[in-house]
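So the structure is just underneath, and the comments pick up after that.
The values are calculated or read from the model by the stated rules, or taken from the named source; none is laboratory data. It should be emphasised that the depicted structure is a prediction, and the values quoted were computed from it without experimental measurement. In this analysis, Cβ positions are derived from the backbone assuming ideal geometry, glycine residues included, and neighbour counts consider all displayed protein chains. Please note that ligands, DNA and RNA were not included when accessible areas were found on the heavy atoms of the full protein model with its side chains. Shrake-Rupley method; radii C 1.70, N 1.55, O 1.52, S 1.80 Å.
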Amino acid sequence: GGALIMNVASAAGVQSSGPGAAYGMSKAAVIHYTKILACEWAQYKIRVNAIAPWMCMTPMLQDALKGDEKQLDKVYDWTPMGRIGEIQEIVDPIMFLMMGCSSFVTGQCLGVD
């Protein structure tokens, strides 16, 4: 038994991706908060984890691109897989952390990039 809290941070909270200090700092805070809560709440059988996704193709990003895919050239260069993630590729690691097979995992931030 027990409960699980899943936080969604960002790769920007782990490593700088350029401008956006406030965003990166707030996501780093989410990651650290995850680690602190995991230690404090483990005694209550509450696991606390986070994911830190890199850029993912969402309707909002599609609208921002407005058909100009060249805006993503730098992103492709910075991305280990050389492409933008799909929404399901963010959901699946969250599901893993919610499953019984990860019942001993707490205080972790899983990079999804």
Original post:
Quick one: how many residues across segment 78-90 are of a type in the set (A, V, I, L, M, F, W, C) and surrounded by fewer than 14 Cβ atoms within 10 Å (Cβ to Cβ)?
Top reply: 2
Subject >> Members of segment 95-106 found to be within 30 Å of Asp77 (Cα to Cα) and open to solvent by less than 50 Å² (accessible area, probe 1.4 Å), listed by number >> reply: Leu97
Original post:
Mind checking which residues of segment 9-51 are in contact (Cβ under 8 Å) with a residue 40 or more places away in the chain, among the β-branched types (Val, Ile, Thr) and open to solvent by less than 100 Å² (accessible area, probe 1.4 Å)?
Top reply: Ile31, Thr34, Ile46, Val48, Ile51
Original post:
List, please: which pairs have Cβ atoms under 8 Å, are six or more places apart or on different chains, and start with a residue in segment 82-95 that is on the phi > 0 side of the Ramachandran plot and among the small types (Gly, Ala, Ser) and end with one that is open to solvent by 70 Å² or more (accessible area, probe 1.4 Å) and modelled with pLDDT of 95 or more?
Top reply: none
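Against the definition (of a type in the set (Val, Ile, Thr) and open to solvent by 80 Å² or more (accessible area, probe 1.4 Å)), how does Val75 come out, yes or no?
On the way: of a type in the set (Val, Ile, Thr): yes; open to solvent by 80 Å² or more (accessible area, probe 1.4 Å): no.
Criteria not met by Val75.
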